[in-house]
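Shown next, in structure tokens, is the structure this report addresses.
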């Protein structure tokens, strides 16, 4: 797929299980697949409380993005090996945080592996971590944001920062598709909706924006200027605690409140997925 590509209007479809949602996004049936009420809202809120007890504040460079429980690859663009070192212990730390609570994000990935379409020639889909220097990426991280603002995360995409890893020889540095998947644990209706935009920019267009706005979009994918998307098709997905969404994160998107917003924290599980060389029977994950 070339860098420059557009959906007329970003299309979202609801599904009964995450595996179906992931595959639908993967094959281009929609830009977002949604599973409403995938997790019980009370369990979701309980997990949010556990995460808020154990999470880490981000460094000053990423202060506006709140905090995380688990590492983020894009924060180690100069030394991605450190991300993989942290991934070695991330799953254990998250399991300790969850205690006896269900790990619904891993179940979501597994549901892709267990789902075999009727026309799939009997091949069993596989999931596996991105591997670098003999170390495996982790599959999930928690994201914590302050809710008391109209825009929680500015317009960005998650392809530029992956491709910037090419000098380090990481296997996903040449992919064309990034699927983000989120499980929402704590937020109010209309607060922290996902806004998806219907165009993806070429590398040359990103560099042009960097020249005009003094940004680093070409290497980080963040932040795109709002004015560049005023006339672009956009779809808003209102999310509630317990909802699961898989969507094309290589297209620009943002997290913002569509109405009023409150004091407090917005908490969700997050991870990334991709395929290599069109191999739709194999799904790679990282955070």
Calculate, in nm to one decimal, what residue 263 and residue 79 gain on full extension: separation in residues at 0.36 nm each, minus their alpha carbon distance. 62.7 nm
Taking 0.36 nm per residue of sequence separation and subtracting the Cα-Cα distance, how much length would be gained by fully extending the chain between residue 231 and residue 126, in nm to one decimal? 33.8 nm
Gain on full stretching of the segment that runs from residue 53 to residue 13 - 0.36 nm per residue minus C-alpha separation: 11.0 nm
Would you calculate the separation in nanometres between label points at residue 99 and residue 216, each defined as 7 Å from the Cα along the Cα-to-beta-carbon direction? 4.0
Let's test the formula: R0 of 41 Å, r as the Cβ-Cβ distance of residue 202 and residue 40. What FRET efficiency results, to the nearest 0.05? 0.40
In a Gaussian network model of the chain with springs linking alpha carbons closer than 10 Å, the residue among 48, 100, 108 that fluctuates most is 100
Can you tell me the equivalent ellipsoid semi-axes for segment 5-286? Use √(5λ) from the Cα gyration tensor, largest first, whole Å. 24, 23, 21
If you build a Gaussian network model of the chain, linking Cα atoms that sit under 10 Å apart, which residue out of 79, 250, 56 swings the most? 79
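Send over the semi-axes of segment 160-222's equivalent ellipsoid, whole angstrom and largest first, taken as the square roots of 5 times the C-alpha gyration tensor eigenvalues.
26, 18, 11
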Given only helices, namely DSSP H runs of n ≥ 4 each adding -39500 (n - 2.57), what is the per-residue ellipticity at 222 nm of the chain, to the nearest 500 deg cm²/dmol? -7500 deg cm²/dmol
Compactness of segment 210-287 as Cα Rg over 2.2 N^0.38 Å, two decimals: 1.38
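Values in this text are rule-based calculations from the coordinates and carry no lab data. Because the structure is predicted, anything quoted here is derived from the model rather than measured. Positions of Cβ are generated from backbone atoms using ideal geometry, with glycine treated the same way; all protein chains shown enter the neighbour counts.
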